[in-house]
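Comments concern the structure below.
Since every read-out is calculated from the coordinates, none of them should be taken as a lab result. For clarity, every value in this text was computed on a predicted model and none was experimentally measured. Neighbour counts run over all protein chains shown; Cβ positions are idealised from the backbone, glycine included.
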Amino acid sequence: MLSGAQRASWDERGFFRVDGFASASVCSAMLERVTDLVRDPEQATAIGAWILPESNKAGAAVENPEDAVSKIFRLHRDSVFAEFAHAAAVVDLVSPLIAPDVDVFLSQFIFKTAGAWGQPWHQDSLYFPFEPARPVVGVWLAVTAATLENGCLHVLPGSQREPVHDHVPDRRPGANYGYFEIVDHDTAASEPVLMDPGDLLVFDSHLMHRSTDNESDGIRAAMVYHYAAAGTVDKTPKKYASPLNDWVAARRG
Ligand SMILES: O=C(O)CCC(=O)C(=O)O
């Protein structure tokens with residue numbers, strides 16, 4: 001179901017993009033829903049969502065609660081997020097890279113409001129102690145524009161062929177929870193991924209990527225999902241105290 005160009009980019013570069021994938025109404029519905037959840041933490045808890053504060057704003061006076069939030073996880077059973085996770089157009093992109101039977105196991109909305117920190121160079125598989133370990137596919141939807149100034153993603157094409165490197169804790173004092181970085185690999189050949197709202201990036205969980213800080217005065221929001229084969233053994237509960245993964249069938253057969 002992938003085009004020749006998508007497959008070639010996947011094989012050679014470890015990712016492909018689909019511009020104009022989601023409508024403006026989907027992007028604004030996502031942003032409205034997460035804003036409601038962050039402003040109503042009881043509702044967020046009731047649906048099992050998990051809110052991660054933005055450390056670079058710790059203690060700062062903010063206008064709105066969401067301005068002090070980095071990410072909100074575990075959204076893929078909820079409303080517009082579930083609809084997107086299960087949409088045939090999305091699953092058609094990931095299933096050929098994984099297996100006919102596919103689960104969505106992780107979802108996160110990244111607010112990245114003005115002044116928020118970027119996430120340093122990493123490979124997502126660091127966070128996924130699975131058997132089998134691969135394939136795992138990430139889907140990154142630009143909910144707002146992603147620019148150099150507001151902290152777009154940067155990817156290192158071809159790095160999906162690397163094993164999972166050692167990662168050290170993000171070296172910035174008081175860094176965001178869960179941020180680790182690769183310091184043993186040359187990333188000089190990386191490319192920024194500039195996106196308009198609704199553009200989609202599909203990427204391998206071994207692809208090295210990072211995002212930079214949001215130095216603009218606006219938000220750079222994204223919705224990210226991860227997919228793997230149904231039946232994958234997830235050893236996360238043995239590794240982390242509060243697992244964020246929630247395995248849900250996305251396609252069978
Ligand atoms: O969007 C960002 O700022 C970072 C996202 C990222 O690195 C990830 O989803 O693994």
>> Could you work out how much longer the chain between residue 194 and residue 64 gets when fully extended? Use 0.36 nm per residue separation minus the Cα distance between them, nm to one decimal.
In response: 44.1 nm
> Taking the Cα centre of the stretch 97-187 as the origin and placing charges on Cβ (Lys, Arg +1; Asp, Glu -1), which of 117, 182, 102 is farthest toward the positive end of the dipole?
Replying inline: 117
>> Using a 10 Å cut-off around each Cβ, can you sort 17, 161 from fewest to most neighbouring Cβ atoms?
In response: 161, 17
> At q = 0.14, 0.18, 0.29, 0.33 Å⁻¹, what log₁₀ I(q)/I(0) does a Debye calculation on the Cα points of the stretch 59-105 give, no solvent, two decimals?
Replying inline: -0.51, -0.67, -1.06, -1.16
> Kirkwood hydrodynamic radius (Cα pairs, Å) of the chain?
Replying inline: 18.3
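Return the ratio Rg/(2.2 N^0.38 Å) for the stretch 125-247, where Rg is computed over Cα atoms only.
Ratio of Cα Rg to 2.2 N^0.38 Å: 1.11.
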> So how long is each side of the stretch 3-139 along the principal axes, counting just the alpha-carbon atoms, biggest first, in Å?
Replying inline: 49, 31, 31
>> I need the semi-axes of the equivalent ellipsoid of the stretch 135-189: take the C-alpha gyration tensor, multiply each eigenvalue by 5, square-root it, list largest first in whole angstrom.
In response: 20, 18, 13
>> Give me 110, 47, 219 sorted ascending by neighbouring Cβ count inside 10 Å, so fewest comes first.
In response: 47, 219, 110
> Taking Cα pairs under 8 Å and at least six residues apart, what relative contact order does the chain come out at, in percent?
Replying inline: 32
> Counting other C-beta atoms within 10 Å, which of 69, 248 has the fewest, and how do the rest follow?
Replying inline: 248, 69
> For the stretch 185-253, taking Cα atoms only, what is the radius of gyration to one decimal and the Dmax to the nearest whole Å?
Replying inline: 16.2, 46
> Hey, in the GNM for the chain with a 10 angstrom Cα cutoff, which one of 143, 91, 183 fluctuates hardest?
Replying inline: 183
> Distance from the Cα centre of the stretch 127-193 to that of the stretch 1-55, in angstrom?
Replying inline: 16
> Among the aspartates and glutamates, which fall within straight-line cross-link reach of residue 57, defined as a Cα-Cα distance under 12 Å, with same-chain neighbours fewer than 8 residues apart omitted?
Replying inline: 66, 67
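At 0.36 nm per residue, and after removing the present C-alpha to C-alpha distance, how many nm does the segment from residue 131 to residue 23 gain when stretched out fully?
35.3 nm
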